[in-house]
Amino acid sequence: MSPTSNSLSPVSPDGFVVCGLGSLGQHCIANLKSFGVPVHAVNLTPPNQWEMTHLQSLIDRLVIGDCRQPDVLEQAGIRSCRAILLVTQDERVNLEAALTARVLNPQVRLVMRSDQQNLNDLIGQQLQNFVAFEPTQLAAPAFALEALSDRLVGYFTIESHRFQVVKQRLDAGHPWCDRRQLHELDTLHQRVLHHHSASSPMPNPTASPSSQFYAWIPDTVLRQGDEIVTIESDIPLNPDVLPKATRNHPSLEKRLSQLISTLQDIPELQRKLISCWQASYGQHIRRVAILCGITVVGLCLVGTLLLDANAPEDISRWQAFILTFVTLFGGFGDVFEPLDDFSNSEWLQFFGVVLTVAGAAFIGVLYALLTEKLLSLRFEFTERRPPVPDKGHVVVVWLGRIGRQVLKRLQDLDQPVVGLSPVPLDGDVLPKVPLLG
């Protein structure tokens, strides 16, 4: 089929090409046009139905043809466009078109629709500037955000640092009303993006979203009904709002923290030891093992010192330690006769009996501890999941592909969650999430 086009307008270097005018493709075009960028579309046949009014008039160039053909992509402007979205319902067509687009334009960004995760990872390693999505998984962030509140508009991650966009409308009891100015909301980890006064008309929904950013007056006093959009992050966003002392010494806070932690090392160590001991409550065998170990080490040292103090001249300190060690672990018969050569031999023989009894008790405890460990490894193959939170958590029903993505998104937002699954899941599936069946 020879390609046809409804426009011969010049191709913009910042344009986008969308291949596939199904429901997903049409919504992609609508969202791209909201940013005021040129969009060219490619479809095998003229669309039978437009899901949005006047969407066809928003397309800068519509090419009818097979997106796998080089001449079709060239007519759509692939050589000078910024990115191409391959969202047809046939994954094979998307893949072939992606390879063709990369040959025609090595710098173009490829956005492909595909649910073959392993294949997507392999292609991503071979093709740079490439990303693939499964349409059903794209709904997971929306579900996760709606489960939290209307205030959180969205979030994203850059180099392991999380940024979130928050929108809030000030009510009568809000602490900012009639007390704060807009510029005072700019803090170290927060920055104002948009402000709409309750007394002003609503902005035009068809206007470019980028035109609404920073369109506010810094000394505006916040009133009831005002709508504010801010961006928050776990890293500093506004270094200019820091005091001069802190700005000149960026590591001052870190140094103070290190100094405080150094001063509290001893109490912290004591607290950890006590908590470690209390954590073993109900596991008496481990407590007994610790006590037995300390006792055995003490007896071994005391026995070595006693034998060395009462030993004949031809007995070294190392031999005294060997005699103590052998006696401690049941070898009293092997050292009974050598003890006759020591001064105070009767007391040393009695101490040897004590060492033998203590060593026998220690060996019994050691065997018990090893048996408990082997049994625990036999019956506890997987790590125990955390308990169900008492309140304030989100319940996700049915842990399919989307449900698992929703749980991961909520965990990224530090939100307590609980999953409900009709079938038991493997231990390596969401191991940090409490599950109920």
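The values are calculated or read from the model by the stated rules, or taken from the named source; none is laboratory data. Values in this document were obtained by computation on a predicted structure and should not be read as measured data. Virtual Cβ from ideal backbone geometry, glycine too; neighbours counted across all protein chains shown. All accessible areas refer to the heavy atoms of the entire protein, side chains included, with ligands and DNA or RNA removed. Shrake-Rupley method; radii C 1.70, N 1.55, O 1.52, S 1.80 Å.
Numbers for the structure displayed
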item	result
Whole-angstrom Cα spans of region 32-186 along principal axes, big to small	62, 38, 27
Full-stretch length increase - L301, E372 - with 0.36 nm per residue and alpha-carbon distance subtracted	22.6 nm
Spin-label zone in region 121-141 - amide nitrogen under 18 Å from a point set 7 Å from the Cα of S34 along the C-beta vector	138-141
Pairwise label distance in nanometres, D171 with V103, each label 7 Å out on the Cα-Cβ vector	6.2 nm
Probe 1.4 Å, protein heavy atoms only - accessible area per residue of region 62-197 in square angstrom	54 Å²
In region 71-163, GluC sites (Glu not before Pro) in a DSSP loop with at most 15 other beta-carbon atoms within 10 Å	E159
Nitroxide proxy distance, nm - points 7 Å out along Cα→Cβ at F325 and K432	4.5 nm
Lys, Arg +1 and Asp, Glu -1 on Cβ, resulting dipole of region 124-194 about Cα centre, debye, nearest 20	140 debye
DSSP-loop trypsin sites (Lys or Arg not before Pro) across region 42-101, with at most 15 other Cβ within 10 angstrom	R79
Accessible carbon and sulfur surface of region 72-227 relative to its total accessible area, %, 1.4 Å	52 percent
Label zone at D115 (point 7 Å along Cα-to-Cβ), backbone N below 15 Å, region 63-100	88-92
Semi-axes of the equivalent ellipsoid for region 93-166, Cα gyration tensor, largest first, Å	30, 15, 11
Total formal charge among the other residues, if their Cβ is under 12 angstrom from that of P38, Lys/Arg +1 and Asp/Glu -1	+1
Taking the C-alpha atoms of region 77-118, convex hull volume expressed per residue in Å³	70 Å³
Förster radius 22 Å - calculated FRET efficiency between E232 and T136, Cβ distance, rounded to 0.05	0.15
Theoretical FRET efficiency, 1/(1+(r/R0)^6), r = Cβ-Cβ of E51 and R79, R0 30 Å, to 0.05	0.50
